[in-house]
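Note sheet for the following structure.
The values are calculated or read from the model by the stated rules, or taken from the named source; none is laboratory data. Here the structure is a predicted model, which means the values were calculated and not measured. Please note: Cβ atoms are built from the backbone with ideal geometry, for glycine as well, and neighbour counts cover all protein chains shown.
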Amino acid sequence: MDLVAGLLLIALMALAARIVQLHVGPNDSLRRRIDQTRRYEDRLPEPRGRILDRHGNILAIDLAMRNVIADPSEVLASGNPRFIGLQLARVLQLDPAMVMARLNRPNRRFEYIQQRVPDETADLIRRMQLRGVSFDEVSARHYPQGPLACHVIGFANLENVGSAGIEQRFHTYLRGQPGLRVSEKDGRRREIFDRRVLDIPPQRGADIYLTIDQNLQYMVEKALESAIAEHQAKGAWAVVQRVRTGEILAMASLPGFDLNEYRSADDLQKLNRAIGYVYEPGSTFKVATIAAALNEHRVTPDQVFDCENGCWFFKGRPLRDYHPNGLLSVADVLKKSSNIGAAKITLTMEEKTVERYLRAFGYGAPTGVELPGEEGGILADRSQWTSLSLSRIAMGHEVGVTALQMLNMLCAVANDGMRVRPTIIRRLVDAEGHTLMESKPEFVAQPIRSETSALMRKLLARVTEEGGTGTRAAVEGYTVAGKTGTAEKAINGSYSSRANVSSFMGFLPAEDPDRIAIMVVVDEPQGAFRTGGVVAGPVFREIARQAVRYLDIPPDVPVEAGVENKPEPWRSL
Amino acid sequence: MRRRKRQNRKTIQEGSPFPMSLALILVLVTGLAFGYLWLRDQCDTTGRRLQELESRRGDLQRQILREESKWSNLKSAKNLEQLMAQFHLAMVWPGEQYTKRLSRPELEPEAAAEMQYAQRELATRHD
């Protein structure tokens, strides 16, 4: 008995000595380990800034969401895994077999059932009190309008890194700064508030206000959808821009995709064709070459050219018109869109002059709009031009353009010759409400004089009049100036007679300084009539008709008078 | 008669056997200890309250964002169109003949400021 007591005493003394050693002795490494165990460090996620339209409607926002997690071993231990699996599958709208397969893993303690579930759904599951089911909170990017303006807004990936559109281009502004909280935690791993030694709150990223108008964007997308359905087209895209300021009010490209489901979209759906698809423009390009010839005083609107009844051999190669024409004035060459007339007009200029004008109009280089993935188009260096090039470039062949480049050129023609950089950003505002950046019209170049611009406005207005190629683009009560374009697509090295790109670009009211310009392109429309005037013209009219009412742009032609204009309006200049 | 035993004056104790100063110190120390514990408890309570409020603020901020998102969705053109279809309503733009455009009236100087504000509102709505 005494022996036991003695041993116990010795053990207690050893224990006491160890306690003294632990508390008093040099145990820095041990203390560090204890401190580390107690240390509570919480990295506070930074909310990403919002993306809004020009009127403050939210297009992209960070929302708190929940991941639904299961502990399969606990679910199986509950004795009712089938019930739990079926309930989860029903509420989350998942395949029950898939949920059961995830739950039926006895050796696992952690399985995601579904990630990024809205709070409402998570609350519904929580109320069911399913054993072994828990949640963790995550911040996820949400796009309330779904597919609306998907190519402009872009998307942020699962790591919250902007990967397309504005999300990508302005990621550094949008992302914000994470916060940090350093403290100690108790036995239940909860933070002990009065041990908090550092608390840096997170900084929300800047909000970006776009020049896009949500409602106008919707109208444009709807008009394009109808056009695709009507003509069984491969795609369609359109841009609406304010001529004077370069602000883009709408930019749509179809087919699009739902931004909340961007992972299921393919690369073609993700392509913003308005800036990323290079095509041969066809007759819309005549606006640039004829404006150059007029600006150079090489031709006058009244000057007559022989359009050879629809077929002209130049350097041994035929050049054809869609409709045969005889003698046409320069004004009528534009109105009736004669390829032969346009070629003859362009041939009055030297190659270097034509190249200088085309580069001044912005061809061969990106416009500089604040979107990633903008193509610069194709305008070969003059040294690579052949003897035929000038006659082909005149009608929009041998060049590659984007819709935005074409619209930018048209805006310069409409805007007294001033080319303004197109912009899609209105302003950037930080979390405290300070404006970081405000977009202002940025003058780029003046390819043509103001007088030539005024003349071109008059000539282009005739295109939508009776006898012009763009009558279907006319809008009652407004003078619409524009140009049709139909280009055959080059497939496997030769032009296809079946696949073409139909386009219409125009602005209205032609003489109003607050005019808007619209570009519509329809890719590979089907049917007997696939010209720009037939296919893209009505889409233009539909967009323009609604846009002028929505933007409250007053008409410039009395309704009773219709679209009838006086003949030869350039004579008044 | 027994003689009363006389008490030795040297052994007589005067005052309390527990020194008053010591008692005071003990009371003070006890008071301080209790005060410390009370303050500690108050700190803990306030800390927990602050944490709750922090959490509540976070929840409210998240709720605001959710509501903003919902509101944005509700007032979108697509949603309005769907609702109109649901209730069999149809809307068209009014014809130009039904639209009356008002020209800017001649204003008294006093009324000018108010007009400018109205114009600013108009510009925001339609710009």
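If I filter the range A:464-486 for residues that are surrounded by fewer than 19 Cβ atoms within 10 Å (Cβ to Cβ), among the hydrophobic types (A, V, I, L, M, F, W, C), assigned to a strand (DSSP E or B) and assigned by TED's automatic domain parsing to the domain that holds A:Ala547, do I get at least one hit? The answer is no; no qualifying residue exists. Look at the range A:244-259: where a residue is more than 16 Å from A:Leu224 (Cα to Cα) and a partner is among the hydrophobic types (A, V, I, L, M, F, W, C), sitting 6+ places away or on another chain with Cβ atoms under 6 Å, you get A:Gly246/A:Val420; A:Ile248/A:Ile424; A:Leu259/A:Cys150; A:Leu259/A:Phe155. The single condition among (1) outside any loop (DSSP other than H, G, I, E, B); (2) closer than 19 Å to A:Thr452 by Cβ that A:Arg298 does not satisfy is (1). Would you mind stating whether A:Asn67 is buried (at least 17 other Cβ atoms within 10 Å of the Cβ), within 14 Å of chain B (Cβ to nearest Cβ), out of contact with any Gly (no Cβ under 8 Å at 6 or more places or on another chain) and touching a residue at least 60 places away in the same chain (Cβ under 8 Å)? So A:Asn67 fails the test. Report yes if A:Phe110 is more than 30 Å from A:Gly165 (Cβ to Cβ) and touching a strand residue (DSSP E or B) at 6+ places or on another chain (Cβ under 9 Å), otherwise no. Answer is yes for this residue. Within the range B:39-64, being facing chain A (nearest Cβ under 10 Å) and of a type in the set (A, V, I, L, M) holds for one residue alone: B:Leu50.
Yes/no matrix, rows are residues, columns are (1) at negative phi; (2) outside any helix (DSSP H, G or I); (3) at pLDDT below 90:
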{"site": "B:Arg4", "(1), (2), (3)": "yes, yes, yes"}
{"site": "B:Lys10", "(1), (2), (3)": "yes, no, yes"}
{"site": "B:Gln13", "(1), (2), (3)": "yes, yes, yes"}
{"site": "B:Ser16", "(1), (2), (3)": "yes, yes, yes"}
{"site": "B:Ala33", "(1), (2), (3)": "yes, no, no"}
{"site": "B:Asp41", "(1), (2), (3)": "yes, no, no"}
{"site": "B:Gln51", "(1), (2), (3)": "yes, no, yes"}
{"site": "B:Glu54", "(1), (2), (3)": "yes, no, yes"}
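Here's the yes/no breakdown for (1) among the acidic types (Asp, Glu); (2) free of Cβ contacts under 8 Å to residues at least 40 places away in the same chain; (3) on the phi < 0 side of the Ramachandran plot:
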| position | (1), (2), (3) |
| --- | --- |
| A:Arg359 | no, yes, yes |
| A:Glu370 | yes, no, yes |
| A:Ser383 | no, yes, yes |
| A:Met418 | no, yes, yes |
| A:Ser450 | no, yes, yes |
| A:Thr464 | no, no, yes |
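Across the range A:167-175, not a single residue is classified as surrounded by fewer than 20 Cβ atoms within 10 Å (Cβ to Cβ), charged (D, E, K, R), assigned to a helix (DSSP H, G or I) and within 38 Å of the chain's Cα centre (by Cα). Among what's in the range A:41-61 and is assigned to a strand (DSSP E or B), modelled with pLDDT under 90 and within 14 Å of chain B (Cβ to nearest Cβ), pick the residue that is surrounded by the most Cβ atoms within 10 Å (Cβ to Cβ). Filtering first and then ranking leaves A:Leu44. Among residues that are touching a strand residue (DSSP E or B) at 6+ places or on another chain (Cβ under 7 Å), part of a loop (DSSP other than H, G, I, E, B) and farther than 25 Å from B:Asp59 by Cβ, A:Leu94 is included. Given the condition within 38 Å of the chain's Cα centre (by Cα), of a type in the set (Lys, Arg) and over 30 Å from A:Lys440 (Cα atoms), answer yes or no: does some residue in the range A:117-139 qualify? So far as the range A:117-139 goes, no, none of its residues is within 38 Å of the chain's Cα centre (by Cα), of a type in the set (Lys, Arg) and over 30 Å from A:Lys440 (Cα atoms). Restricting the range A:350-381 to residues that are of a type in the set (D, E, K, R) and farther than 23 Å from A:Tyr277 by Cα, the residue that is surrounded by the fewest Cβ atoms within 10 Å (Cβ to Cβ) is A:Lys352.
Of all residues in the range A:130-151, those satisfying the criterion of being out of contact with any strand residue (DSSP E or B) (no Cβ under 8 Å at 6 or more places or on another chain) and more than 9 Å from chain B (Cβ to nearest Cβ) are A:Leu130, A:Arg131, A:Pro147, A:Cys150. Exactly one residue out of A:Ala97, A:Ala89, A:Ala101 is touching a helix residue (DSSP H, G or I) at 6+ places or on another chain (Cβ under 7 Å) and not assigned by TED's automatic domain parsing to the domain that holds A:Gln177, and it is A:Ala89. If A:Val535 passes every condition in (1) buried (at least 18 other Cβ atoms within 10 Å of the Cβ); (2) in a strand (DSSP E or B) but one, which one does it miss? Of everything listed in (1) buried (at least 18 other Cβ atoms within 10 Å of the Cβ); (2) in a strand (DSSP E or B), A:Val535 misses just condition (2). Entry remark, the range B:65-89: residues being at the interface with chain A (Cβ under 9 Å from one of its Cβ atoms) and surrounded by fewer than 11 Cβ atoms within 10 Å (Cβ to Cβ) number 0 in total.
A:Ala223 falls short on exactly one of the conditions (1) touching a residue at least 40 places away in the same chain (Cβ under 8 Å); (2) within 12 Å of chain B (Cβ to nearest Cβ), and that condition is (2). Across the range A:262-281, the qualifying residues are those that are among the charged types (D, E, K, R) and crowded, with 17+ Cβ neighbours inside 10 Å, and the one among them that is nearest to A:Leu404 (Cα to Cα) is A:Arg273. None of A:Gly276, A:Gly282, A:Gly256 is touching an Asp or Glu at 6+ places or on another chain (Cβ under 6 Å) and not hydroxyl-bearing (Ser, Thr, Tyr) except A:Gly276. Pairs are defined by a Cβ separation below 6 Å, a sequence spacing of at least 6 or placement on different chains, a first member in the range A:545-559 that is at the interface with chain B (Cβ under 9 Å from one of its Cβ atoms) and of a type outside the set (A, V, I, L, M, F, W, C), and a second member that is in a helix (DSSP H, G or I) and surrounded by fewer than 15 Cβ atoms within 10 Å (Cβ to Cβ); the pairs so defined are A:Asp552/B:His126.
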